[in-house]
Amino acid sequence: MYYPVYFILRGLSLLPLQLLYLLSDFIYVILYYLAGYRKDVVLKNLKIAFPEKSEAERKKIMKAFYHQFCDSFAEMIKIFSWNEKEICRRMKGNMEVINEWAGKEQSLQIVLGHYFNWELANLSWAANMQIPFLGVYAPLKNKTMDRIVRKLRSKTGTILIPANDFKRGFVQNMKKQYVLGLVADQNPRKLDNAWWMRFFGKAVPIVKGPAKASIARNTVVVYADFYKVKRGYYEYKMELITSTPAEFSEEELARLIIKKIEDSIRARPANYLWTHRRWKRAWKNEYAPFWIDTTPVPEEN
């Protein structure tokens, strides 16, 4: 099934982008007005994140989010036929923050959140980095789509490491200088290996990996923000967090990373993936030993 599906998607990618955006607008109407895809989750998340906003303001953010959500799929299809030059024209930024470390002793770690358009960011970064770029991905259950997505995400040179076999994949690539991209706002799979802190004022578990790994391996830590400038065009901003991670405690560095992500979301709320249940874990008193926020430990829900 791989080749039939791949060539269908490749054929769709040859359509003009404006036509694909018309398809995106049509899908938006279906998802938002007819199917109501995860609208309850999005509204709940926005109410948690922005209690100070009116219901009308939150619905405006929600509609803008669904438009970007649908556009991201249209752009992902177009990526099948975009060459490296076109990809880099569509996603621009200050890659010199990364490339100035090329040839030096330290490797780098980029931390980011679930922003649009992450597929385009991955491809643009790999094309412009002077250091090998490692990207972690979650394998899809459908083998055909997993193969297609892996082919797409690696087309400009990204070295993909499956999340379910990260240790082995990472060890194979850590012997030389690398840049590792890590999404830092995801829910930990296991709560017995997580910290807790406030994210938009509400207690959430956070993954330990980005902070612990950067200190253990003495990697340069860079925060990446990226966002739509206009339809079909994006910009990314790399910001050096530290080149001396050992000067931080693991908890301090984790708090700093999450604060950067929250600030980006507050600046551009519709740019964030609101359909995932970021606040699905309820706080319990038994988690108190893992509380790393500077604010008091919350009451049990």
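The values are calculated or read from the model by the stated rules, or taken from the named source; none is laboratory data. Bear in mind the structure is a predicted one, so any value in this text is a computation, not a measurement. Neighbour counts are summed over all protein chains in view; Cβ atoms, including those assigned to glycine, are modelled from backbone coordinates with ideal geometry.
Residues in region 258-294 that are among the acidic types (Asp, Glu) and part of a helix (DSSP H, G or I): GLU262, ASP263, GLU286.
Checking region 136-150 against the condition returns a match, with at least one residue being crowded, with 18+ Cβ neighbours inside 10 Å, over 17 Å from the mean Cα position of the chain (by Cα) and within 21 Å of LEU9 (Cα to Cα). The set of residues in region 198-216 being under 20 Å from LEU273 (Cα atoms), more than 19 Å from the chain's Cα centre (by Cα) and hydrophobic (A, V, I, L, M, F, W, C) consists of ALA203 alone. Taking TYR37, is it farther than 26 Å from LYS151 by Cβ, aromatic (Phe, Trp, Tyr) and in contact with a Leu (Cβ under 6 Å, 6 or more places away or on another chain)? Yes. Just to be sure, is ALA246 surrounded by fewer than 18 Cβ atoms within 10 Å (Cβ to Cβ), in a helix (DSSP H, G or I) and hydrophobic (A, V, I, L, M, F, W, C)? In short, yes.
Looking across region 43-66 at every residue that is free of Cβ contacts under 8 Å to residues at least 40 places away in the same chain and in contact with a helix residue (DSSP H, G or I) (Cβ under 6 Å, 6 or more places away or on another chain), the one that is farthest from ALA127 (Cα to Cα) is identified as ARG58. Residues in region 155-189 that are in contact with a Gly (Cβ under 8 Å, 6 or more places away or on another chain), free of Cβ contacts under 8 Å to residues at least 60 places away in the same chain and either loosely packed, with under 11 Cβ neighbours inside 10 Å or not in a loop (DSSP other than H, G, I, E, B) (or both): ILE159, LEU160, ILE161, PRO162.
Looking for whichever is crowded, with 17+ Cβ neighbours inside 10 Å, touching a Leu at 6+ places or on another chain (Cβ under 7 Å) and either modelled with pLDDT of 95 or more or closer than 24 Å to LYS167 by Cα (or both) here; the options are TYR227, TYR234, TYR272. Which one fits?
Details: TYR227 fails: touching a Leu at 6+ places or on another chain (Cβ under 7 Å); TYR272 fails: touching a Leu at 6+ places or on another chain (Cβ under 7 Å).
Result of the check over TYR227, TYR234, TYR272: TYR234.
On the stretch given as region 43-56, residues that are assigned to a helix (DSSP H, G or I) and under 25 Å from the mean Cα position of the chain (by Cα) total 7.
Only one of LEU12, LEU19 is modelled with pLDDT of 95 or more, assigned to a helix (DSSP H, G or I) and either surrounded by 12 or more Cβ atoms within 10 Å (Cβ to Cβ) or among the acidic types (Asp, Glu) (or both). Can you tell me which?
LEU12
In this structure, ARG255 qualifies as part of a helix (DSSP H, G or I) and either surrounded by 16 or more Cβ atoms within 10 Å (Cβ to Cβ) or over 15 Å from the mean Cα position of the chain (by Cα) (or both). Looking across ASP25, ASP40, one residue alone is loosely packed, with under 15 Cβ neighbours inside 10 Å, touching a residue at least 24 places away in the same chain (Cβ under 8 Å) and in a helix (DSSP H, G or I). It is ASP25.
Here is a yes/no grid of residues against (1) aromatic (Phe, Trp, Tyr); (2) within 27 Å of ASP25 (Cβ to Cβ); (3) at pLDDT 95 or above:
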site: TRP82; (1), (2), (3): yes, yes, yes
site: TRP101; (1), (2), (3): yes, no, yes
site: GLN109; (1), (2), (3): no, no, yes
site: ALA138; (1), (2), (3): no, no, no
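Residues of region 157-175 that are over 18 Å from the mean Cα position of the chain (by Cα) and at pLDDT 95 or above: GLY157 alone.
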